[in-house]
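K.L.:
First the structure, which I've put down as structure tokens, then a few questions once you've had a look.
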Amino acid sequence: IRGTLHLVSARQHPAYAAIAAATPTGSWHRAIAETTPAMSDLREELLEFAGDEPRTNEQIREFAEAWVGAHPAAIDPREREAQRSLKWRPIYRWSALRRVPAGGRWGVKAPADHQSAPDPPGSQGAPSVQDALEQVSRFHLRGFGPAAAEDIAGWIGWRTPPIRELLDGL
């Protein structure tokens, strides 16, 4: 999760997305610490744009640029320039989007297209952070266990004490 691509199933995605969104680096902001109302609007409209069909990175970049063009004063200029310098990669790596294969067929490489996740972090169907931590810890133990709390916490970019407490309760 900490900047690393973790390929997870559609069933696992909501838990991983909830954890990614709750980490200090879970935001796609690069130049400013807090979101502005306009950035929330951009996120909401992006989810609508990517809701019906997979979108390429280029389509997402074009969408973001068109949105910024239509709302020129909406986003802090420092953030806009930071995003442009990164070709809007932070926005299409946002945990509310999931990678999907073009044409619905998986190949040997991770798909490059993105679509809105069915239950983006913070939505009504998304798991709470605590439930997500338990689910992801169990996924990790199934795949890599036995594992210490430090291993799981390091893998997901989380603090160790909450993972240790969770493991003690399992």
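K.L.:
Which condition from (1) open to solvent by 70 Å² or more (accessible area, probe 1.4 Å); (2) within 21 Å of P37 (Cβ to Cβ); (3) modelled with pLDDT of 80 or more; (4) not acidic (D, E) is the one that P90 breaks?
P.N.:
So P90 meets the others, but not (1).
K.L.:
If you check A21, A17, A50, which single one turns out to be under 30 Å from R138 (Cβ atoms), at pLDDT 85 or above and surrounded by 16 or more Cβ atoms within 10 Å (Cβ to Cβ)?
P.N.:
A50
K.L.:
Let me ask something else. Based on what the data block shows, is A117 free of Cβ contacts under 8 Å to residues at least 12 places away in the same chain and open to solvent by less than 40 Å² (accessible area, probe 1.4 Å)? Even if it seems obvious, please write down each step before you answer.
P.N.:
Values: free of Cβ contacts under 8 Å to residues at least 12 places away in the same chain: no; open to solvent by less than 40 Å² (accessible area, probe 1.4 Å): yes.
Here the answer is no, as A117 does not meet what is asked.
K.L.:
Could you please give the count of residues in the stretch 118-135 that are modelled with pLDDT of 85 or more and not β-branched (V, I, T)?
P.N.:
7
K.L.:
So is A74 touching a helix residue (DSSP H, G or I) at 6+ places or on another chain (Cβ under 7 Å) and of a type in the set (G, A, S) or not?
P.N.:
On the way: touching a helix residue (DSSP H, G or I) at 6+ places or on another chain (Cβ under 7 Å): yes; of a type in the set (G, A, S): yes.
So A74 passes the test.
K.L.:
R98 is checked against (1) modelled with pLDDT of 75 or more; (2) surrounded by fewer than 20 Cβ atoms within 10 Å (Cβ to Cβ) and fails just one. What number does that condition carry?
P.N.:
(2)
K.L.:
Looking at the stretch 63-73, which of its residues are surrounded by fewer than 16 Cβ atoms within 10 Å (Cβ to Cβ) and in contact with a Phe, Trp or Tyr (Cβ under 9 Å, 6 or more places away or on another chain)?
P.N.:
First, pick out the residues of the stretch 63-73 that are surrounded by fewer than 16 Cβ atoms within 10 Å (Cβ to Cβ): 65-66, 69-73.
Within the stretch 63-73, just E65 meets the criteria.
K.L.:
Also, I was wondering about something else. List, please: which pairs have Cβ atoms under 9 Å, are six or more places apart or on different chains, and start with a residue in the stretch 84-108 that is without any contact (Cβ under 8 Å) to a residue 60 or more places away in the chain and end with one that is aromatic (F, W, Y) and open to solvent by 80 Å² or more (accessible area, probe 1.4 Å)?
P.N.:
Nothing qualifies.
The values are calculated or read from the model by the stated rules, or taken from the named source; none is laboratory data. Because the structure is predicted, anything quoted here is derived from the model rather than measured. Reconstructed Cβ throughout: ideal geometry from the backbone, glycine too, with neighbour counts over all protein chains shown. Each accessible area value is taken on the protein alone, full model and side chains, heavy atoms only, with ligands, DNA and RNA left out. Shrake-Rupley method; radii C 1.70, N 1.55, O 1.52, S 1.80 Å.
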